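The values are calculated or read from the model by the stated rules, or taken from the named source; none is laboratory data. The shown structure was predicted, so the numbers you read here are calculated from the model rather than taken from an experiment. Cβ atoms come from the backbone with ideal geometry, glycine included; neighbour counts cover every protein chain shown. Areas reflect the complete protein model, heavy atoms only, side chains present, ligands, DNA and RNA absent. Shrake-Rupley method; radii C 1.70, N 1.55, O 1.52, S 1.80 Å.
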Amino acid sequence: MNLAIRDIRHSLGRFILTTIGVGLLLMVVMGMGGIYRGMVDDALIVTRGVGADLWIVQRDTRGPFAEVSRLPRSLVDRVAAVSGILDAREFVFHTIQREHGGKPLRMGVLGLGWPIDKGEGLPLIAGRPLAQNHFEMIADESLGLELGERVRLGKDTYTVIGITRWLVSSGGDGIACFTSRDAQTIQFDEPGESVRLERQARRARASEIDFGRTQPGVLQRATGLSGNIAALPGPAVSAVIARLAPGADVDAVLRSFEGWSDVTAYSGAQQEDLLLKGSVDRARRQILLFRVLLTIICAVIMGLIIYTLTLDKLHPIALLKLIGATNRTIVGLILQQSLIMGALAYGVGYLVGQRLFPLFPRRVLVTGDDLLRLAGIVLAISILASLLGIWKAMRVAPNDAIG
Amino acid sequence: MDESPALETTALTKVYGSGHTEVVALRDASMRVGRGEIVALLGPSGAGKSTFLLCVGLINPPTRGRVTIGGRLMQDGPRSLGDLRHFRRENIGFVFQKSNLIPFLSAVENVQIVGELIGRPSSVARRRAMELLDTLGVGPRALNMPTQLSGGEQQRVTIARSLANQPSLILADEPTAALDSVRGRQVMELFRDVAHKYGTGVIVVTHDHRALDVFDTVYEMEDGALRAASHAVANASMEAR
Ligand SMILES: Nc1ncnc2c1ncn2[C@@H]1O[C@H](COP(=O)(O)OP(=O)(O)O)[C@@H](O)[C@H]1O
Ligand SMILES: [Mg+2]
């Protein structure tokens, strides 16, 4: 005959309510862990997603995620020529906030290194990778855009041809992927009037020098597209990313960049490290601390509950002692109840969390490892929580049952 | 058969507190209860009757004196000889004024657990518990929880529980206080039958003088001192048999 279960059945309503309460608390602990993991994972998703072995950024900056980094596009070709590098492409990333369908649309704009990278490596859940050089975009689910939807950004209209899931920036904004040319066009979009004024100013400057006056072609050039003027720099890129040739040694390649005075190179791991230590570090530690706090609170509450449940049973416990029950029987009664409550509460927390977490605006990533660890913690809490009750029960004398 | 008495106490003394709060609850109380003998213990409130049962029941150690149960010296002054809880589990049955059933166990489980505690298999303990409840006339209420039983039914279940370990000694402290006189008498007769049938020593603390004829021996306690009651009472009980 199991006393713990008999007692639970006797006051089932209260036990269930308490268990649900503890379960919800455990769900919050799980959720906090999930938010933490989600945050770290989101922060790394872009870096991992582009599959770069090396990041080459403006000298002494910490990369495109930490601060502004501007490099000339021509750097791509310089990097590609380094021995040990398989290929190199530009990395363009920036956040914009525009209007779409009357609502604010905030998104990270990620430029893919067309034609090497068409977005095959992205976590697509619908649609296809990019198929042309311009005017296509792959949008994250969280942006609320649909396949085939047309979005006007700057002077151009882009068609959504693919949908990803959980592709967000470290700030939690959904990311849309374009070819890097398009991404830059979006970034450096200027109103038509300012472009016209700029061209006019160039023409005026050219007409003031001999070269402009004697060569009519120069004036014509100056009024044309800025990209066609050899003397003007092309739009900058945020970073250059490169893949290593098979068998190449990262450190050796990194060393060869040390002599370059205009750039700094990081390995993929270093870049991830910078990212975690930089932009998300404080948020991460904040959540971590909160999670630790919640776990402690959970332990204290469970301890109090088990203790109160035991207090309510002191008379029956004294009676059990009176009729000769061993300490083992009594410890078993309290410990088993504590463990049953812990296990059920864990189940409740898990099940409710499964339904609730997907509704959160940012990803709550509950990993198997974290679940297992929490299960261990709950087990420990259950045992610790019962200790106070057991201590009390051990002090009950059998003659407390009388009178 | 072992001829040692069910219970023998020699000069049991119990002092509560010390200094000016000192209360001498028992003074040199000596009693002998034979196997199959049922003893009534009378006396005014505060006389020390409950204290006597607690000392004899190995729950509260005496300040001085010895307790021998079934020929085994269990308590020598405050010193206990052996594992009292274990001994209690196997040899002593308790019945108290209030029914004292475990609230989260059904009637039959309250009896069954005693059997399980002394190591009987669950099914055996349950069968025996059902038999006892049937004997005590509460078989039909076996599956009810204590709160669903009347005071008399609860007391019968408690008695069944006190019998479940086939004890050599049953200690009952005002078991009929909550019952009307007819039911009270029934309970007393039940104790007598148990004592005579199983050879169990039974001590019953009672205030009910009308049921004294049920008992083999009557003791009176006054201010902690124990003495056998007047011959008239004892004779009346002898004749009634
Ligand atoms: N735990 C205790 N501490 C101090 N005094 C007690 C305690 N239990 C009983 N007493 C005292 O011992 C005396 C006998 O009490 P008790 O054995 O309960 O008498 P009865 O059962 O005959 O009414 C009383 O004066 C009572 O106040
Ligand atoms: Mg009393």
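Each Lys and Arg adds +1 at its Cβ and each Asp and Glu adds -1 at its Cβ; summed about the Cα centre, the range A:101-182 shows a dipole of about 180 debye. Using +1 at the C-beta of Lys and Arg and -1 at the C-beta of Asp and Glu, which of B:44, B:30, B:165 has the Cα lying farthest in the positive direction of the dipole of chain B? Of B:44, B:30, B:165, it is B:165. Summarising the strand pairing of the range A:79-230, around 65 percent of its internal DSSP beta bridges are antiparallel. Averaging 1/r over every pair of different alpha carbons in the range A:132-261 and inverting the result gives a Kirkwood radius of 18.7 Å.
Towards the positive end of the charge dipole of the protein assembly as shown, with charges on Cβ (+1 Lys, Arg; -1 Asp, Glu), say which of B:67, A:200, A:358 has the farthest Cα. Going by the charge dipole, the pick is A:200. Computed 3J(HN,Hα) for the range A:110-127, one whole-Hz value per residue from the Karplus formula 6.51 cos²θ - 1.76 cosθ + 1.60 where θ = phi - 60°, is 10, x, 8, x, 3, x, 5, 10, 9, x, 5, x, 6, x, 6, 10, 7, x, glycine and proline marked x. Stretching residue A:388 away from residue A:360 to a fully extended chain increases their span by 6.4 nm, per 0.36 nm per residue minus the current alpha-carbon distance. Across the alpha-carbon atoms of the range B:1-153, the computed radius of gyration and Dmax are 17.9, 54 angstrom. In this structure the protein assembly as shown gives 47 Å² per residue of accessible area when probed at 1.4 Å with all protein chains present. Kirkwood radius and radius of gyration were both taken over the C-alpha atoms of the range A:38-93, and their ratio Rg/Rh is 0.99.
Where does the range A:115-158 land on Rg(C-alpha)/(2.2 N^0.38 Å)? Working shown, then result.
Numbers: Rg = 10.8 Å, N = 44, 2.2 N^0.38 = 9.3 Å.
It is 1.17.
Please give the total accessible area that chains A and B bury against each other, computed with a 1.4 Å probe and expressed in Å² to the nearest 100. Looking at A and B, the buried total is near 2200 Å².
Semi-axes of the equivalent ellipsoid for the range A:133-200, computed as √(5λ) from the eigenvalues of its C-alpha gyration tensor and ordered from largest down, come to 26, 13, 10 Å. One decimal place: the segment residue A:297-residue A:66 gains 79.6 nm when fully extended, by the rule 0.36 nm per residue minus the C-alpha distance.
Label-to-label distance for residue A:277 and residue B:182 is 9.2 nm, based on points extended 7 Å past Cα in the beta-carbon direction.
Projected onto their three principal axes, the Cα atoms of chain A cover extents of 120, 51, 34 Å, largest first. Say the cut-off is 24 Å between C-alpha atoms; which of A:392/B:14; A:392/B:49; A:321/B:49; A:321/A:392; B:14/B:197; A:118/A:277 go over it? Pairs exceeding the cut-off: A:392/B:14; A:392/B:49; B:14/B:197; A:118/A:277. Overall, the range B:45-141 carries a charge dipole of about 220 debye about its Cα centre when +1 sits on the Cβ of Lys and Arg and -1 on the Cβ of Asp and Glu, all other atoms neutral. Modelled spin labels at residue B:209 and residue A:5, positioned 7 Å past Cα toward Cβ, are 5.4 nm from each other. Accessible surface of residue B:149, taken over heavy atoms with a 1.4 Å probe and every protein chain present, rounds to 10 Å².
Working note: Karplus 6.51/-1.76/1.60 with θ = phi - 60° gives the range A:166-176 the couplings 6, 9, 10, 7, 5, x, x, 7, x, 10, 10 Hz, where Gly and Pro are set to x.
How much length would be gained if the chain were fully extended between residue A:312 and residue A:269, taking 0.36 nm per residue of separation minus their Cα-Cα distance, in nm to one decimal?
9.8 nm
Computed with a 1.4 Å probe over protein heavy atoms only, the accessible area of residue B:96 comes to about 10 Å². Taking chain A as a Gaussian network, where each spring joins two C-alpha atoms under 10 Å apart, which residue of A:375, A:66, A:206 fluctuates the most? Highest fluctuation of the listed residues: A:206. Here, the range A:1-154 is characterised by an Rg to Rh ratio of 1.21, where Rg is the alpha-carbon radius of gyration and Rh the Kirkwood radius. Taking Cα centre as origin and charging only the Cβ of basic (Lys, Arg, +1) and acidic (Asp, Glu, -1) residues, the dipole magnitude of the range B:89-183 rounds to 200 debye. Span-like helix criteria (full DSSP H runs; alpha carbon extent of at least 30 Å along the helix axis; mean Kyte-Doolittle hydropathy of at least 0.5) are satisfied in chain A by A:12-49, A:281-312, A:327-356, A:368-394.
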